[in-house]
Every structure is written in C-alpha cells, then in structure tokens.
Amino acid sequence: MSAEEHRRAAPTSLGFAVLTVSDSRTASEDTGGAEIRRLAAAAGHHLEMSALVTDDVAAIRRALAQLLATPGVDVVVVTGGTGFAPRDLTVDAAVPLFERTVEGFGEIFRMLSHRQVGAAAMLSRAAAGLAAGRAVFLLPGSPKAVTLAMEELILPEAGHLIAQARKA
C-alpha cells in the first residue's frame, strides 16, 4: 500500500495524553500543553490524561509510565525539557523507555524549525518513539514549536504510526 492508502486505513480518532515538563510553569501557565490539547481536540481526537511534572528524570519517567499504562491512550505528547540546559532532562528520561525510535521525526522537526528560527533549530533534541504500543513525541516547550510539530507532523501521521506499530 502507498503512504496515502495507509493513512486512509489508519484510525482517525486517537486517545491523547499530554505531559508538560517544567520547573517554572504552573498548570495555568502551561501554554504548550494547552495548545497540544486544543489542536488534538480540533482534529477529532480525545484527551485521556494530562499532567505537569518538574525537570527530574525520576518524575518524568513515573509520569510517562503512568500515561503509557492509561487505557485509551494511543499518543503521548511531552512538551518541555528537550534543549541543552542542565535541567533539560526529558530526552534522557524518556528515550530509554522507547522500544523503537522514530528517527525521522526529530530530523524533519528540526528541518521545519529551521525555517522559523534558523540555525537555532539544531539545539532542539525533539524526538519520538514507540513505547508500550503507543506513540511518544518529545517536543520543546515553546508554543510555536508545539504548534509546528502538532500541525505538520503529529496530527497528520499519528494514526498511520499507530496502525503500523500495532499490526499483527
């Protein structure tokens, strides 16, 4: 089948979970997480769970494990902690949980980001993978970056990725 045929056969309504990683934001200031929730709902998906944790490897892993164990969750989108500052620990915490990585996600995200922020795009460690039969996307905390990733990459291909990952 072609990529377009795979997309047509993929599920169109997925369960999303959102995890915001931040030492400085409260739930009311979580603009990146709010944007993920808004865009997912506007695309016909439903929110199963949302959480906010500090930039701490153990806290991130605990929260991610909880989201991955939540019935109905197909996609987990994590925002924050994907840079190079000492407290940017999301990638370090999450990638070891991946059973398989989606290398192309980070590559394409950085290419698209380059159009917006120039060479600073290379400072993003955005990544994606499969864990417990679910798609996990690790995004920067910037609302602009979240919107870019959701609109250009995650929403168009999440159903396709889930369908492929769950093939018997």
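When the helices in the chain are scored as -39500 (n - 2.57) per DSSP H run of 4 or longer and the sum is shared across all residues, what 222 nm value do you end up with, to the nearest 500 deg cm²/dmol?
Dividing the helical sum by the residues of the chain leaves -12000 deg cm²/dmol.
Report the FRET efficiency, 1/(1 + (r/R0)^6), for Q116 and S13, where r is their Cβ-Cβ distance and R0 is 45 Å, rounded to 0.05.
Efficiency, rounded to the nearest 0.05: 0.95.
Using the Karplus curve 6.51 cos²θ - 1.76 cosθ + 1.60 with θ = phi - 60°, what ³J(HN,Hα) values do you get for each residue of the stretch 109-116, in whole Hz, with x for Gly and Pro?
4, 5, 4, 5, 5, 4, 5, 8
Quote the FRET efficiency, to the nearest 0.05, computed for V95 versus R62 with a Förster distance R0 of 22 Å and r equal to the Cβ-Cβ distance.
After rounding to 0.05, the efficiency reads 0.90.
What number comes out for the charge environment of Q66, summing +1 per Lys or Arg and -1 per Asp or Glu over other residues with Cβ under 14 Å away?
It works out to a net charge of +2.
Top mean-square fluctuation among S24, S124, S113, Gaussian network model of the chain, C-alpha springs under 10 Å?
With Cα springs under 10 Å in the chain, the top fluctuation among S24, S124, S113 is at S24.
What shape does the stretch 14-165 have by the C-alpha gyration tensor, where a ≥ b ≥ c are the square roots of the eigenvalues, rounded means a/c under 1.5, and otherwise prolate means a/b greater than b/c and oblate the rest?
Rounded shape, in that the Cα axes give a/c under 1.5.
Under unit Cβ charges (Lys, Arg +1; Asp, Glu -1), what dipole magnitude, rounded to 20 debye, does the chain have relative to its Cα centre?
160 debye
Readers should treat all values here as calculations from the given coordinates under stated rules, not as data from a laboratory. Note that the structure is predicted; figures quoted are calculated from it, not measured. Neighbour counts run over all protein chains shown; Cβ positions are idealised from the backbone, glycine included.
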